[in-house]
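Here the structure comes first, spelled out in C-alpha cells, and everything after it is commentary.
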C-alpha cells in the first residue's frame, strides 16, 4: 500500500480536478468568461466538441462561447455527473463525465436538451490543475420550438444534428 502522504495527495488532486470541472460548468452557466478562462490551460489547450469545428486554444473557444452563450435571452444549464478520474502520473489525469445540457434560446424560440459525454485531460502545473484537453461526444438530442401561443413542436429527437448552433 502506498504511504499515507501519497494517498492523501491523490485524494486532494482528485478533489481539485472535480472542483475544476465544477468551476468550468458553473462558469458556462453564469456566462463568466473570466472564470472559464482560468479553468483552461493557457497555452495549447485542445477543445474539440462534437458538432463544431476544432478550436485552436482557449481564446478561440472563449470567442465562440461568448458569441453563442453570452447573449441576452440564452439560458443554459450544464449538469455534469458520473465523474471518473484516473491518474497517469503525479501531474496528469484523465476524466470522463456525463453531461445533461439544457438551453432556452428566446431569440430562436427553442428549447434544447442534449446528453453529452466529456473526455478530459488534466495537467498540473505549478501546483494547480488545468483542463488541458476537453472533447465532447453528443449522445442524444431533443430540440423543441415554441410558437407565439406557447405550443411546443419537436424539431429534432434522437440523433443530434450535424452542426449544432
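Quick note: the coordinates plus some simple rules give every number you see, no bench work behind them. Bear in mind that the values here come from a model prediction, so they are computed numbers and not experimental data. A quick note on method: Cβ atoms are made from the backbone with ideal geometry, for glycine too, and the neighbour counts reach across all protein chains shown.
Using 0.36 nm per residue of separation minus the Cα-Cα distance, give me the extension gain between residue 96 and residue 149 in nm, one decimal.
15.0 nm
If you count, for each residue, the other Cβ atoms within 10 Å and average over each peptide, how do 122-130, 78-86 line up from highest to lowest?
The most tightly packed comes first, giving 122-130, 78-86.
Given the C-alpha centroids of region 114-144 and region 72-102, what is the distance between them in whole angstrom?
5
Hey, of (i) 114; (ii) 156; (iii) 133, which did the structure itself give for volume of the Cα convex hull per residue in Å³ when calculated?
Of the listed options (i) 114; (ii) 156; (iii) 133, (i) comes from this structure.
In what sequence, highest mean first, do 139-149, 33-43 appear when ranked by Cβ atoms within 10 angstrom?
33-43, 139-149
When DSSP beta bridges are limited to those with both residues in the chain, what percentage is antiparallel, rounded to the nearest 5?
90
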